[in-house]
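First the structure, in the form of structure tokens, and then the observations on it.
The values are calculated or read from the model by the stated rules, or taken from the named source; none is laboratory data. Bear in mind the structure is a predicted one, so any value in this text is a computation, not a measurement. We place every Cβ from the backbone using ideal geometry, glycine too, and count neighbours over all the protein chains shown. Accessible surface is based on the protein model in full, side chains and every heavy atom, while ligands, DNA and RNA are left aside. Shrake-Rupley method; radii C 1.70, N 1.55, O 1.52, S 1.80 Å.
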Amino acid sequence: MAAMNDLAIRAAEASDLDDVLAFWEVAAEGTSISDDQDGIRRLVARDPGALILAELDGVLAGTVIAGFDGWRCQLYRLAVHPGQRRRGIGAALLAAAEERFAELGGRRGDAMVLDHNDLAQHAWRAAGYTPEPQWSRWVKHLTG
């Protein structure tokens with residue numbers, strides 16, 4: 001196991017996208033209509049700092065998408081490799097995301113968390129996030 005001082009946090013680049021997609025197959029809960037080359041390529045092109053990676057000794061260990069539209073700070077795809085969980089990687093990714101939001105003028109982070117993912121809910125609560133039961137997510141797929 002690598003020590004946490006070997007953890008590097010950085011923004012994703014176009015060359016990382018295949019690795020990110022493969023990583024999400026192992027580490028992320030569920031899939032999204034946007035989980036493909038075109039989806040994350042558009043993300044990185046439109047908002048180059050939004051996809052944040054954590055690496056241990058150059059190996060992808062975690063991701064978070066920290067998107068900001070000028071008004072809202074949205075957090076998606078917080079994922080840590082199953083073999084690296086409970087070591088502070090998720091907390092380091094969220095700290096980087098929150099720092100990014102603060103630099104951009106964001107005031108509140110909103111996280112997308114699956115209702116049935118107890119592990120994720122515990123992690124988000126530990127990071128200081130709370131569910132807002134008065135809100136529901138409404139979705140309409142625009143393609144396919």
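Filter segment 7-49 down to residues that are of a type in the set (Asp, Glu), in contact with a strand residue (DSSP E or B) (Cβ under 7 Å, 6 or more places away or on another chain) and not in a loop (DSSP other than H, G, I, E, B) and give me whichever is least open to solvent (accessible area, probe 1.4 Å). Give the steps one after another, and end with the answer.
Step one: filter segment 7-49 for residues of a type in the set (Asp, Glu), giving 13, 16, 18-19, 25, 29, 35-36, 38, 47.
Those left that are additionally in contact with a strand residue (DSSP E or B) (Cβ under 7 Å, 6 or more places away or on another chain): 16, 19, 47.
Pick out the ones that are also not in a loop (DSSP other than H, G, I, E, B) and you get 16, 19.
Numbers: 16: 17, 19: 96 Å².
Among those that are of a type in the set (Asp, Glu), in contact with a strand residue (DSSP E or B) (Cβ under 7 Å, 6 or more places away or on another chain) and not in a loop (DSSP other than H, G, I, E, B), it is 16.
Output the residue which, of all residues in segment 114-142 that are open to solvent by 50 Å² or more (accessible area, probe 1.4 Å), of a type in the set (A, V, I, L, M, F, W, C) and assigned to a loop (DSSP other than H, G, I, E, B), is nearest to residue 92 (Cα to Cα).
Looking at residues that are open to solvent by 50 Å² or more (accessible area, probe 1.4 Å), of a type in the set (A, V, I, L, M, F, W, C) and assigned to a loop (DSSP other than H, G, I, E, B), I get 114.
List pairs: first residue in segment 117-140 and at positive phi and among the charged types (D, E, K, R), second residue open to solvent by 60 Å² or more (accessible area, probe 1.4 Å) and at pLDDT below 90 anywhere in the structure, Cβ distance under 9 angstrom, at least six positions apart or on different chains.
From residues that are at positive phi and among the charged types (D, E, K, R), there are no pairs.
Filtering segment 50-73 down to residues that are open to solvent by 30 Å² or more (accessible area, probe 1.4 Å) and part of a strand (DSSP E or B), which residue is nearest to residue 141 (Cα to Cα)? Walk me through how you get there before you give the answer.
If we filter segment 50-73 for residues that are open to solvent by 30 Å² or more (accessible area, probe 1.4 Å), which is where we start, we get 55, 57-60, 68-72.
Applying the additional criterion that residues be part of a strand (DSSP E or B) yields 55, 59-60, 68.
Numbers: 55: 32, 59: 33, 60: 30, 68: 21 Å.
Looking at residues that are open to solvent by 30 Å² or more (accessible area, probe 1.4 Å) and part of a strand (DSSP E or B), I get 68.
Which number in (1) closer than 19 Å to residue 23 by Cα; (2) small (Gly, Ala, Ser); (3) assigned to a strand (DSSP E or B) marks the one condition that residue 92 misses?
(3)
Please find, among 111, 95, the residue that is of a type in the set (A, V, I, L, M), open to solvent by 30 Å² or more (accessible area, probe 1.4 Å), more than 16 Å from residue 12 (Cβ to Cβ) and modelled with pLDDT of 95 or more. So that I can check it myself, show each step before the final result.
Numbers: 111 fails: modelled with pLDDT of 95 or more.
One residue alone meets the criteria, 95.
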